[in-house]
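Every number in this text was worked out from the coordinates using simple rules, so none of it is lab data. Keep in mind that what you see is a predicted model, and the values were worked out from it rather than measured. Every residue, glycine among them, receives a Cβ derived from its backbone with ideal geometry; neighbour counts consider all protein chains shown.
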There are 2 protein chains.
Amino acid sequence: MPPSTKGKTSQPDADVSAAGQVVEFVRRQIDAGKLKSGDRLPAERDLAEEIGVSRPSLRSGLQTLQALGVLQSRQGAGTFIAGGPPRLGVAPLSFLAALHGFTRDDMFEARRVLELGAASMAAERATSERITALADEVAAMFAALDDPQEYLIHDVQFHKAVAAASGNPVLATLIDTISELVYETRRRTVERAVDLKESAEMHRRIYRAIKAGDPEKARDEMGMHLALARQAQASEEEPVATAAVPAPSAPRALRTKRSPAKQ
Amino acid sequence: MPPSTKGKTSQPDADVSAAGQVVEFVRRQIDAGKLKSGDRLPAERDLAEEIGVSRPSLRSGLQTLQALGVLQSRQGAGTFIAGGPPRLGVAPLSFLAALHGFTRDDMFEARRVLELGAASMAAERATSERITALADEVAAMFAALDDPQEYLIHDVQFHKAVAAASGNPVLATLIDTISELVYETRRRTVERAVDLKESAEMHRRIYRAIKAGDPEKARDEMGMHLALARQAQASEEEPVATAAVPAPSAPRALRTKRSPAKQ
DNA sequence: AGTCCAGAAATGGTCGGACCAAATAGAAGC
DNA sequence: GCTTCTATTTGGTCCGACCATTTCTGGACT
């Protein structure tokens, strides 16, 4: 058990488990530029041999990477590095919320902080392309005043566009993730939220502030908009807290397997 | 299209894969309150039978949950729901950064947005306990002016305390995650960062603004502090690719700053 | 009686092989 | 040339076995 023979330059993150080796291997390939977005990995059987682990172990590692959103497997086709825009899964946050009782207000507030910052930064440095994208979404919103479903799509798109206009991909990714989580809980109650005309006007004011390069105003306008949005959302609240699953299925006997000696 | 007729809270996300069933099963148990932080899951062999999948498939699902930070397994002991404070792993963001070329500046900027919001919110609603915790950290920092390592610990602790004082666990978790990622890359170059005395004074000013209940001032002070911190950090820049692999130094244009289209 | 330790049991980790299902590529037929 | 069908590739699932670590248990020792 020589603790030093591992002369590798690896971080203290010395996970020597088989699955860990796989994760680290892929990570190295990515860092070295040998694997990039959209690339296809070797077949599992080949990769397993190359890394020096069994196929089950390899799959264990790939499973981890898949959970992290790094990989995506398609049966019969292969395993690929995730493509498309940077995306952080909602699962981690969602589980965290369920375990620690994060409320929707908490989520919304965090989103508010992020979006306020994004709006401010967008006003400071948005490129003309980004600003055009914002304008397009505002126009689409006004054009969809009589179609709530369509309106909502462009509402979301507008906020994503603001996040993108901030020029910071980390911020944009975080906003996307939290928004998705917040949005997930209200999908049903779309229409009757607020007066769409009023809402569209607010978005237009945000857009104008960003275009004018006024960070404070952009932040304020976004703040007002979110305040109203949250209020509207709160009015349709329900006890959607953690333990609200309405008995999805039979009251299965769960604890009857083990020996009764316990407890 | 037909909105789920039932009042079910289940998403349209109908993953019927074996691993998916496991994840969903655990999720339900958590939502229903049958599993909570620190609890121990049944043995793999029992759980597999209960859910109705094979053990390999069960392990696949557990692997996913482990990657998400929901579970933690200990050989010989069992599998447990993650305990302790809410924590979001750095792995997802870290991989995303490696894949999409997020720069350290991007990270720092996102952190800045979050911490500014947290400081502002802390000033608005921090409880006396939280404020006391802040005071303790400030005191510890002043007491460690001659011990950079110790100082850094309390520096980090102070920022975590501010995040906690915001009263928003989502925000606090996000800040913790990003901070960890930012710190991860500079652990080595600790001491020579800045004048510790000056740094401690800045933290004290942040603390005072929060205690005084002045959101704008708290935000400003935090902003000034972070601006300086970033500047100091930038001065010790280096090729900080994640792994110190010899790396054929990919001639790709990946390591460049965000020159295109920005600013 | 209390304490300590070795062996047994429980439990997660790894492995090899086998078969199934989906997707793709290439040959056969029109 | 185009379509269609088959064969190969590839990921998904399962079984059974064995290993490594931890925990429990029973007995021996003080």
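Observations on the structure shown:
- Rounded to two decimals, the Cα radius of gyration of segment A:1-141 over 2.2 N^0.38 Å is 1.44.
- Nearest-0.05 FRET efficiency for B:Ala234 and A:Asp146, computed from C-beta distance (R0 60 Å): 0.70
- Working note: Karplus 6.51/-1.76/1.60 with θ = phi - 60° gives segment A:108-116 the couplings 4, 5, 4, 4, 4, 4, 5, 6, 4 Hz, where Gly and Pro are set to x.
- Inter-copy label distances at B:Gly78, using a point 7 Å along Cα-to-Cβ, come to 4.4 nm with the shortest given first.
- Take B:Gln231, push a point 7 Å out from Cα through the beta-carbon direction, and compare it with the same point in every other copy: 4.1 nm, smallest first.
- Shape of segment A:88-228, Cα gyration tensor, a/c cut at 1.5: oblate
- Lys, Arg +1 and Asp, Glu -1 on Cβ, resulting dipole of segment B:108-167 about Cα centre, debye, nearest 20: 340
- Classified by the C-alpha gyration tensor, segment B:59-105 has a prolate form. Its axis ratio a/c, with a ≥ b ≥ c, is 1.5 or above, and a/b is larger than b/c.
- Using a simple spin-label model with pseudo-atoms 7 Å out from Cα toward Cβ, A:Gln29 and A:Ile153 lie 3.7 nm apart.
- Of all aspartates and glutamates in the structure, the ones whose alpha carbon falls short of 16 Å from that of A:Lys36, not counting any fewer than 8 places away in one chain, are A:Glu24.
- Relative to the other identical copies, A:Glu49 shows label-point distances of 3.8 nm, where the label point lies 7 Å from Cα along the Cβ direction and values run shortest first.
- Based on C-alpha pairs under 8 angstrom that are at least 6 apart in sequence, segment A:3-162 has a relative contact order of 16 percent.
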